[in-house]
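A quick write-up on the structure given underneath.
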Amino acid sequence: MLNPKLKVEKREILGRKIKQLRREGILPANIYGKKVKSQAVQVGLKEFEKVYADTGETGIVDLVVGKGKTRSVLIHNVQIHPVTDQFLHADFRQVVLTEKVKADIPVEVVGESPAVKDKKGILLTILDEIEIEALPADLLDKIEVDVSQLTEVDQEIKVSDLKLAKKVDFLTDPSLIICKIGPLVTKEAEELAKEDEAAAEEAKEEATEEVAEKEAKEKPEEKEAEKKPVEDKKPEEGKKAPRQAQGEKKEGSVEEKKKA
């Protein structure tokens with residue numbers, strides 16, 4: 001299979017002025033490598049996007065600078081705008097096809113875990129890249145990890161469990177976990193739930209005690225109020241008693257006549 005070809009030109013514009021290149025649809029880039037002098041170049045953004053979508057950072061690209069010779073390179077250190085997702089800059093790492101190179105290969109989870117399907121636990125992906133060493137032509141575009149063998153909580157897949165071609169060497173620690181099955185509710189979440197429940201119960205008890213104390217204070221006052229006799233209101237000294245109603249006067253006069 002032929003490698004994709006990409007044509008670039010030497011770049012004269014440097015520094016902050018490269019913003020003008022981006023506005024014109026041109027991507028600033030650099031070529032570097034072992035025993036290779038760094039060189040500033042520029043490439044059409046659309047042409048770069050097409051090649052990068054095909055090779056990623058692990059596929060060999062035949063790079064042509066102007067009218068010069070073809071160079072075997074790997075696309076590296078691609079910078080993307082965090083908001084617009086526009087490509088801002090890229091490096092072309094020149095390689096020697098007969099010498100091994102190091103590369104970070106993305107992990108791709110495949111298959112379905114029975115533990116997840118049966119709702120026993122959740123799949124936790126811990127490593128998303130694995131570093132390998134191989135000849136440029138033997139580099140992988142991804143490393144597939146099959147999770148269909150994970151049937152129980154706490155089962156895991158480590159780097160050492162992967163089987164790749166002998167021509168590829170792992171540089172990542174083989175004891176590292178790539179993915180595992182975690183419980184649906186973590187122990188930390190359970191502990192937090194218990195703490196919240198205990199705090200709610202304590203607050204409820206405190207509120208009950210406050211109400212009981214308040215009621216205990218109010219009851220003696222009510223009892224004392226009940227014990228006190230209701231005193232008849234007497235007219236104050238110097239003030240005349242209110243006159244009797246007309247009906248009361250008539251009743252008095254009738255009784256006096258009867259006595260007479």
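Each reported figure results from applying straightforward, stated rules to the coordinates on display, with no laboratory input. The shown structure was predicted, so the numbers you read here are calculated from the model rather than taken from an experiment. Counting neighbours? That spans all protein chains shown, and the Cβs are built from the backbone with ideal geometry, glycine included.
Amide H contacts under 5 Å for LEU135: VAL101, restricted to partners 5 or more places along the chain or on a different chain, H placed in the peptide plane at 1.01 Å from N.
Applying the criteria of a DSSP loop state and at most 13 other Cβ atoms within 10 Å to the GluC sites (Glu not before Pro) of the range 1-100 yields GLU12, GLU24, GLU99. Here each label is just a point 7 Å from Cα along the line to Cβ, and for LEU88 and ALA53 those points are 2.3 nm apart. Structural descriptor for the range 49-207: relative contact order 20 percent, calculated from alpha carbon pairs under 8 angstrom and at least 6 residues apart. Measuring nothing but alpha carbons in the range 1-95 and taking Rh as the Kirkwood radius, the Rg to Rh ratio lands at 0.94. If the chain linking GLU202 and VAL64 were pulled fully straight, counting 0.36 nm for each residue of separation and taking away their Cα-Cα distance, it would gain 42.3 nm. In loop segments of the range 54-100 as defined by DSSP, the trypsin sites (Lys or Arg not before Pro) with at most 13 further C-beta atoms inside 10 Å of their C-beta are LYS67, LYS69. The local environment of GLU112, defined by Cβ-Cβ distances under 11 Å, has a net charge of -1 under the rule Lys, Arg +1 and Asp, Glu -1.
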